[in-house]
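Structure record follows, encoded as structure tokens.
The values are calculated or read from the model by the stated rules, or taken from the named source; none is laboratory data. None of the values given here were measured: they were computed from a predicted structure. Please note that ligands, DNA and RNA were not included when accessible areas were found on the heavy atoms of the full protein model with its side chains. Shrake-Rupley method; radii C 1.70, N 1.55, O 1.52, S 1.80 Å.
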Amino acid sequence: MKKFSQDTTVALLLLCAATLTHARPPLADQDLRQVQGQDGVTLMGDLHIKTEVFTYTDTDANGGAISLNGITINGMYVKRYDILRGLPTGTSLVTEANTAGTFGAAVAQAMQSHLGESGTVLPSSMTAQQMAIAMASGVYPGGDVIQIAFPNVGLNGAVMPSFSVTSITLSNSSASFGALSVDKIDMQGTKRWMWSH
């Protein structure tokens, strides 16, 4: 049986919620004028995860095992889920890259930050060229996209997630390679996109 990640579970809940919205009664025009909408879902979490041991075992005849002992993950995060309009058939990548709230614009903004570009995406820009290469690969089949983002909300390093392992051992030995600690994991600004295929 496959396990679903937290991201997949939230995405499925968002899709289920979207199918239920048709059951709402229609609003009168005067009531509709008072409605203020907001898209997406934001989660804030406080992690306190502990596991005694994670073991990888090599199952061949001469195999052994390595164990990560005393694993802890602590800290806080903010995560946002949004549904972005996908790339419509026949629309140019450059047009979509410059249309706010679309998958094309989200990818363009991310590419610009890595390529040292900013502002309007021009057809001759490295961003447009890299987007064309990525889309030509066939990885993205079209359609709307779920964006999973860790927005930059200015969390202090003291509350950012940290990961630690108290010891790393091999099978048939109690000797340790030592401990491992990764502190203040700043995921703010990270984005991921998910679509079906």
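Being over 30 Å from S67 (Cα atoms) and of a type outside the set (V, I, T), is that true of even one residue in region 167-189? Yes, some residue in region 167-189 is over 30 Å from S67 (Cα atoms) and of a type outside the set (V, I, T). Residue-level analysis places T57 among those that are at pLDDT 60 or above, β-branched (V, I, T), more than 25 Å from the chain's Cα centre (by Cα) and open to solvent by 70 Å² or more (accessible area, probe 1.4 Å). Those residues that are open to solvent by 60 Å² or more (accessible area, probe 1.4 Å) and within 24 Å of the chain's Cα centre (by Cα), I need them from region 164-184; list them, please. Residues satisfying the conditions are S181, V182, D183, K184. Once region 60-70 is narrowed to residues that are open to solvent by less than 60 Å² (accessible area, probe 1.4 Å) and among the aliphatic types (A, V, I, L, M), the residue that is farthest from L180 (Cα to Cα) is A65.
Residues of region 108-127 include none that is part of a strand (DSSP E or B) and open to solvent by 60 Å² or more (accessible area, probe 1.4 Å).
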